Amino acid sequence: MGKSIESIWKDGFLKDDQLVVPKLNDLYNQKSIHIIDKILRMGKYNLIYLVVLAAFFLVMGVLIGATYLGLFLCILIVAHIVLALKHVKQLREIDKFVNSYQYIKSFDNWLQNSISEFMLFSRFFYPLFFLSFVIQGRFTEDGDALINVLISKVPDTTLVFGIPLFLLVAVMLFAGLLAVFGGLLYKLDLNIVYGRVLRKLKEIITDMEELRR
């Protein structure tokens, strides 16, 4: 990917009549190439990880007798992959016949749009991920045992489909919190994995903009 970016950026980001243009152009072209290449490489590895994870959940679901759970988790992750591939396609549509500054700005705009859509997606992903385990647990022996213990401790509790109402309320409240804060959870996860390179990208763009003034 580095070579393809180098071929894109034949022109620098500074005007030709500025002093020390060749050195600065080369320095920031190389920095830009390096950081974008790193982000794309990490994204590629993340996609591979998601494919493996989807297959893992599906296989494990079948092996432990929780086929529906495994299938549902697989579908959730595949939806994540489909969204990621959509943004990969959008990245390929960015105009490549521009200088390094214009390209890196377009790349950053694409990146911010991708992050916004994944934050929205996460508001559905996390609650559904949580609820899938809760629903599966309800139909296990351990789940039945837990419900029986709760009923015995609070015998006057209202039951809904054989489940204590307070337990249902607690589950739905937690799922609601995951929906509200799902975007923030995604942002936290993103910062853990990509935080360093994203900050570096911002620094390079800021430096380029300062030098272009």
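The values are calculated or read from the model by the stated rules, or taken from the named source; none is laboratory data. Note that the structure is a prediction, hence the values are computed from the model and not measured. Neighbour counts are summed over all protein chains in view; Cβ atoms, including those assigned to glycine, are modelled from backbone coordinates with ideal geometry.
Inclusion of ARG123 among residues that are surrounded by 15 or more Cβ atoms within 10 Å (Cβ to Cβ) and basic (Lys, Arg) is warranted. Across region 198-211, not a single residue is classified as more than 24 Å from TYR103 (Cα to Cα) and in a helix (DSSP H, G or I).
When region 188-213 is limited to residues that are in contact (Cβ under 8 Å) with a residue 40 or more places away in the chain and closer than 16 Å to MET42 by Cα, the one that is surrounded by the fewest Cβ atoms within 10 Å (Cβ to Cβ) turns out to be VAL193. Of the residues making up region 38-56, just one is β-branched (Val, Ile, Thr), at pLDDT 95 or above and either under 18 Å from LYS200 (Cβ atoms) or over 15 Å from the mean Cα position of the chain (by Cα) (or both), namely VAL52.
Put simply, of LEU131, LEU111, LEU120 the only residue that is closer than 22 Å to LYS200 by Cα, part of a helix (DSSP H, G or I) and either of a type in the set (A, V, I, L, M, F, W, C) or free of Cβ contacts under 8 Å to residues at least 24 places away in the same chain (or both) is LEU111. Scanning region 57-98 for residues that are of a type outside the set (A, V, I, L, M, F, W, C), in a helix (DSSP H, G or I) and more than 21 Å from the chain's Cα centre (by Cα) yields GLY61, THR67, TYR68. I'd like to know if region 149-163 contains one or more residues that are farther than 30 Å from GLU210 by Cα and touching a strand residue (DSSP E or B) at 6+ places or on another chain (Cβ under 6 Å). Yes: one or more hits.
If you scan region 64-111, which residues turn out to be farther than 17 Å from ASN46 by Cα and charged (D, E, K, R)? Those that are farther than 17 Å from ASN46 by Cα and charged (D, E, K, R): ARG92, GLU93, ASP95, LYS96, LYS105, ASP108.
Table: residues versus (1) assigned to a helix (DSSP H, G or I); (2) surrounded by 15 or more Cβ atoms within 10 Å (Cβ to Cβ); (3) without any contact (Cβ under 8 Å) to a residue 60 or more places away in the chain; (4) among the small types (Gly, Ala, Ser).
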{"position": "GLN136", "(1), (2), (3), (4)": "yes, yes, no, no"}
{"position": "SER152", "(1), (2), (3), (4)": "yes, no, yes, yes"}
{"position": "PRO155", "(1), (2), (3), (4)": "no, no, yes, no"}
{"position": "PHE174", "(1), (2), (3), (4)": "yes, no, yes, no"}
{"position": "ALA179", "(1), (2), (3), (4)": "yes, yes, yes, yes"}
